[in-house]
Amino acid sequence: MHEENKAAANGCGKIRSGAQNGAALLALMEKTGYSMVQQNGQRKFGGPPPGWEGPPPPRGCEVFVGKIPRDMYEDELVPVFERAGKIYELRLMMEFSGKFIGVCVSLDNCRLFIGAIPKDKKKEEILNEMKKVTEGVVDVIVYPNATDKTKNRGFAFVEYESHRAAAMARRRLIPGTFQPWGHTIQVDWADPEKVVDEETMQRVKVLYVRNLMISTTEDKIKAEFNKFKPGVVERVKKLRDYAFVHFFHREDAVAAMSVMNGKCIDGASIEVTLAKPVNKESSWKQHFNGQISPSSENLLGFSNKEDGTQKSLGKPASLSVRLNGQHSPGPSEVERSTYPIFPGIKLTPISMYSLKLSHFSSAVMHLDYFCHKNSWAPPEYCLYSTTSQDGKILLVYKVFISSIADDSQSYFMPEKLCTTVEDAKELAAQFTLLHL
């Protein structure tokens, strides 16, 4: 291996002058025939390469490489990556640092999460507002409030025509200079939509039904879905304003989805999609407003044999802890290994709110994080107790969130008691996240 390739592979780039760097890049372009342009804080090498015919590579062909040393450039990186295959395009950000690179599949995400939106705004208003300040907007996904269908839930998803358009929009919106309707919005990447292989989806016979009225009962839902063909529904599981409808046969589920999507039940226009199967090996990473983790099922009173599916949001991606969020990963998923602090290692003070969801393992922390992200006041926990028949002290927390006092419910309390303060607080946080 050439010495420069060894340096690139080992993360030991050489410090070069500007002239040396320019000469090396020029030699690379002359050798490969690739072009190089710099725009929007990144330098693009190729895209397409010389002699390329046909469309660009499809989604899934890109990888993200992080922690590249600051003194390493395309002339050292290209030979390393070319060993894996022909490069279509390499985009080098000019702010990377670190000792060892990390490689993972690049998520070609075209959707942004927009939070802290006024709840009285309609889809068309939000769409027009996003189109005013960003380019490439394709659609806006807005969910109605669970208790008042005339309001939204305070957030939306904006779909862009490409990942690049979404990235440029995110960069433009994040600084806070854009304040639609006089509100400071929150912007982040939407979690990628759960992908289930076609073979698995061909076996699904459960429908996910959303936008139901809180007052609509499971019996009413079953009766409505049985109207088009009596006796096809096996059972219904409803949670708040959505439900899972289980059918005896897949063909009946598919037919019902076509017939019932957009129908009105108790005055609400429902949305119906096939439910996406849950990976049974993942214990906690499930939707708060869909499934309950096995570790909390007993506390919340759900049977372990209940729905083997999770909600499918259709167009919207899986939500992180934002009004309709994902549950925090449990002990089996969060990496709990310890690492030594080597002499001289640099430790940087950070806020917990700058971390990713994968760093949290408790619902209490998730709820605090969630309230902060939505510009709400921190949750307040009030402890209550009672005594069991055998003399044990049983505890339950009531959670107050004052910032949503304009809604029909600003406090949340589970219907289960615990024997320890820690369990009671965790259960209360889980219950609150489930119902937001």
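The values are calculated or read from the model by the stated rules, or taken from the named source; none is laboratory data. What you see is a predicted model; the values in this text were computed from it and never measured. FYI the Cβ positions are ideal-geometry reconstructions off the backbone, even for glycines, and counts take in every protein chain you see. The protein model used for the area step is the full one, side chains on, heavy atoms only, and it has no ligands, DNA or RNA in it. Shrake-Rupley method; radii C 1.70, N 1.55, O 1.52, S 1.80 Å.
Data for the structure
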{"quantity": "Share of carbon and sulfur in the accessible heavy-atom surface of the range 198-274 [1.4 Å probe, %]", "calculated": "51 percent"}
{"quantity": "Per residue solvent-accessible surface (Å²) - the range 116-181, probe of 1.4 Å", "calculated": "49 Å²"}
{"quantity": "Rule-of-thumb Rg ratio for the range 198-274 [Cα; 2.2 N^0.38 Å; N residues]", "calculated": "1.00"}
{"quantity": "Rounded accessible area per residue of the range 198-274, 1.4 Å, Å²", "calculated": "48 Å²"}
{"quantity": "Simple Cβ-charge dipole of the range 360-435, Lys/Arg +1 and Asp/Glu -1, about Cα centre, in debye nearest 20", "calculated": "40 debye"}
{"quantity": "Karplus (6.51, -1.76, 1.60) ³J(HN,Hα), θ = phi - 60°, over the range 246-258, in Hz, Gly and Pro reported as x", "calculated": "8, 10, 6, 10, 4, 4, 6, 5, 5, 5, 5, 4, 5"}
{"quantity": "Qualifying GluC sites (Glu not before Pro) for the range 137-229 [loop in DSSP, other Cβ within 10 Å: at most 15]", "calculated": "Glu161"}
{"quantity": "Per residue solvent-accessible surface (Å²) - the range 360-435, probe of 1.4 Å", "calculated": "50 Å²"}
{"quantity": "The range 186-271: chymotrypsin sites (Phe, Trp or Tyr not before Pro) in DSSP loop, at most 10 other beta carbons within 10 Å", "calculated": "none"}
{"quantity": "Spacing of the two label points (7 Å from each Cα toward its C-beta) at Ile214 and Glu380, in nm", "calculated": "2.0 nm"}
